[in-house]
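Below is one structure; the comments refer to it alone.
What follows is calculated from the coordinates using simple rules that are stated; it is not laboratory data. It should be emphasised that the depicted structure is a prediction, and the values quoted were computed from it without experimental measurement. Please note: Cβ atoms are built from the backbone with ideal geometry, for glycine as well, and neighbour counts cover all protein chains shown.
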Amino acid sequence: MIIPDPIQAGATIAVISPASAPKPDKLKRGIEYLKAKGYQVKEGPNLRNKHKYLSGHGPEQLSDLHWAFADDEVDMIICSRGGYGTPRYLDDLDYELIAQHPKFLVGYSDITALQCAVGVETGLVTISGAMVAVEMAAEGGIDPYTETCFWDLVTKPFSGQLLQNPSDIPYHTLSSGTGTGPLVGGCLSLFNNLMGTPYFPDVAGGIMVLEDIGENVQHLDRMLSQFKMAGFFHGEDRINGLMLGQFIDTWENADEDDFTLEELVSEIIGKVDFPIVSNMAYGHNMRKMSLPLGATVKLNGEAGSLTLL
């Protein structure tokens, strides 16, 4: 596990688009936000590229990733947005280069696949969190909870930081207890699709975190069932905790025959001796915590909290 150093005031941040292309107006607002916070911004040469629903054909995204890691003036890398496309070029990344220049890589959604691959191949801890042309570009300004969680994570040492929901977002304890291990997961559909590839992390003994957007209940049913068949929830290679974030546009569009999340957990996962907490403030919502993928954490089922160790 390689934990990059916290960034300092006035640090240089590279902004790149390794998945889909950002909307110009949102990208402009997000970059202005970073500059107003006192940070220097370097734009990836292909930051504004567009190729159908992607930001490039593949070589452009690779080039910008390699540029951002290799540039010793860059202290942290934040993706403009998620979307689609990162699984296309994971085989071609220069992981040795990335390992030699450790720095935070920030993003979520489709960026999950990139972060998993980097974590497996290099041991680098990455940040699943706020992006430049999304949360940082919110028209009314970035949510204060989102902002505090993000900057605390990247500017302070991990050890001892406590992550909890804001008071107006209730968490639900589905299984009590505490569990400790490396944090693995991210966007469920991307994480699930990496199974069977070299880039899927070892989840045994880990704390798994899952969230998603636009997946119906039946899709969640199938993916959780696949995890069960893979032995993630029972047996010697099981996880030590499960943190379920926000699932957007899932139950909003459900019908009367659809299971609730709690019912899916009960029927598919069943009784376990590790903590399971749902409705955590993490995912595609604009109000969210940022998380250090790969770092060692402790999940407390009763308190609905994640402590960084």
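Please give the length that would be gained between residue 63 and residue 266 if that part of the chain were fully extended, namely 0.36 nm times their separation in residues minus their C-alpha to C-alpha distance (nm, one decimal). Intermediate values should be presented prior to the final figure.
Values: separation 203, 0.36 × 203 = 73.08 nm, distance 4.50 nm.
Extra length from residue 63 to residue 266 when fully extended: 68.6 nm.
Residue 305's amide H: which non-local residues (gap 5+, or another chain) put their own amide H closer than 5 Å, with H modeled 1.01 Å from N in plane and none for Pro or chain starts?
Amide H neighbours of residue 305: 300.
Assuming 0.36 nm per residue, please report the length gained on full extension of the stretch residue 43 to residue 159 beyond their Cα-Cα distance.
Length gained, residue 43 through residue 159: 38.6 nm.
If you wrap a convex hull around the Cα atoms of the chain, how much volume per residue is inside, in Å³?
With only Cα atoms used, the chain gives 125 Å³ per residue.
Can you return the lysines within cross-link range of residue 52? Criterion is Cα-Cα under 22 Å, with same-chain partners fewer than 8 residues away left out.
23, 26, 28
On average, how much area does the Cα convex hull of region 162-308 cover when viewed from any direction, in nm²?
Mean projected area of the Cα convex hull: 8.2 nm².
Out of every Cα pair in region 7-62, what percent are spaced more than 14 Å from each other?
Looking at region 7-62, the distances longer than 14 Å represent 55 percent of pairs.
I'd like to know which of 12, 189, 217 lies farthest towards the positive end of the charge dipole of the chain, counting +1 on Cβ of Lys and Arg and -1 on Cβ of Asp and Glu.
Value computed over the given set: 12.
Multiply the residue gap between residue 35 and residue 53 by 0.36 nm, knock off their C-alpha separation, and tell me the result in nm, one decimal place.
Here the answer is 3.7 nm.
Arranged from highest to lowest average of other beta-carbon atoms within 10 Å per residue, in what order do the peptides 46-54, 174-182, 5-13 appear?
Top of the packing list down: 174-182, 46-54, 5-13.
Give me the one-decimal nm value for the distance between modelled label points at residue 309 and residue 234, 7 Å along each residue's Cα-to-Cβ direction.
2.6
Across region 272-285, in residue order, what do the Karplus-derived ³J(HN,Hα) couplings come to in whole Hz, using 6.51 cos²θ - 1.76 cosθ + 1.60 with θ = phi - 60° and x for Gly and Pro?
9, 10, 9, x, 10, 10, 10, 6, 6, 7, 8, x, 8, 5
Using per-residue counts of other Cβ atoms within 10 Å, averaged over each peptide, order 89-99, 115-125 from highest down. Mind dumping the intermediate values first?
Values: 89-99: 15.5, 115-125: 22.3.
Top to bottom by mean Cβ count within 10 Å: 115-125, 89-99.
Compute the Rg to Rh ratio over region 255-300 from the alpha carbon atoms, using the Kirkwood formula for Rh, and round to two decimal places.
1.04
Could you give the Stokes-Einstein D for region 12-155 in µm² per second, using the C-alpha Kirkwood radius, 10 °C, 1.306 mPa s?
For the chosen part, D equals 107 µm²/s.
In whole Hz and in residue order, list the ³J(HN,Hα) couplings for region 106-123 that follow from phi through the Karplus curve 6.51 cos²θ - 1.76 cosθ + 1.60, θ = phi - 60°; x for Gly and Pro.
Karplus-based 3J(HN,Hα) across region 106-123 equals 10, x, 7, 6, 5, 5, 3, 4, 4, 5, 4, 4, 4, x, 5, 7, 10, x Hz.
For a quick protection proxy, order the peptides 255-264, 161-170 by their average other-Cβ count within 10 Å, most packed first.
By packing density, highest mean first, the sequence is 161-170, 255-264.
For region 80-123, which semi-axes, largest first and in whole Å, follow from the square roots of 5 times the eigenvalues of its Cα gyration tensor?
17, 12, 8
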